[in-house]
1. Kindly list the number of the only condition in (1) at pLDDT below 85; (2) at negative phi; (3) open to solvent by 70 Å² or more (accessible area, probe 1.4 Å) that fails for Gln131.
2. Show the residue pairs meeting these rules: Cβ distance below 7 Å; 6+ apart or different chains; first residue within region 91-114 and under 16 Å from Arg137 (Cα atoms) and of a type in the set (Gly, Ala, Ser); second residue open to solvent by less than 70 Å² (accessible area, probe 1.4 Å) and in a helix (DSSP H, G or I).
3. For region 19-48, how many residues are open to solvent by 70 Å² or more (accessible area, probe 1.4 Å), at pLDDT below 85 and in contact with a strand residue (DSSP E or B) (Cβ under 9 Å, 6 or more places away or on another chain)?
Amino acid sequence: MKDLTGKRFGKLVVIKRSGSDKHKNATWLCKCDCGNETIVSGIYLRQGETRSCGCLQRKVVREAKTTHGLSKTRLYRVWAGIKNRCYNPKAENYKYYGAKGVTMCDEWKNDFLSFRDWALNNGYDESAKTQVCTIDRIDCGKSYSPNNCRIANHVTQCNNQTSNRIFTYNETSKSMAEWARVFGIKYTTLRARIRRGIPFDKAIKK
């Protein structure tokens, strides 16, 4: 058996023999450049399969995720949030999106920069106040894609929700929230009246 003590393999320097693995191969206690110690099979060291305590792989993954240097921007958080509610069953709003078959097109799902370019070219303003600029699906039954999304303010987005009830008054159709603003009534007040069975033409009166 060749003594590996003191030899360097990538970011690892062998300190001493540690024992043997389940295949009876010699294992070695190594110190990584990051300060951590780890036990590695001599075979993995000599073949170059293990070159750090694991920090090197974590660094590669981290850099791969942030190559564009935009991971802390507002649009990146928006993009990540959409993916989360579409694909993560543990996400708070997954039941309204992923569970109903709402997804993100491959063009956006696999490439944040593509999503960012579309948003900026279609009027998204990262400096706008919260809820003034949002990514809204035109057809709530379809997924997130360039052909089914638009930049909208929070009011437009709320009016587009599938949970909204549409009422027609004087041959004009609007959502309950829009009618509440038209007649200067609190939305919660109008909703409560409707739920109590009050006819719409009376419910909108102050």
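The values are calculated or read from the model by the stated rules, or taken from the named source; none is laboratory data. In this text, all values refer to a predicted model and were calculated from it rather than measured experimentally. Backbone-built Cβ (ideal geometry, glycine too); neighbour counts: all protein chains shown. Ligands, DNA and RNA are excluded from the accessible area calculation, which covers all protein heavy atoms including side chains. Shrake-Rupley method; radii C 1.70, N 1.55, O 1.52, S 1.80 Å.
1. Single failed check for Gln131: (2).
2. Close Cβ pairs satisfying both conditions: Gly98/Arg85; Gly98/Cys86.
3. 1
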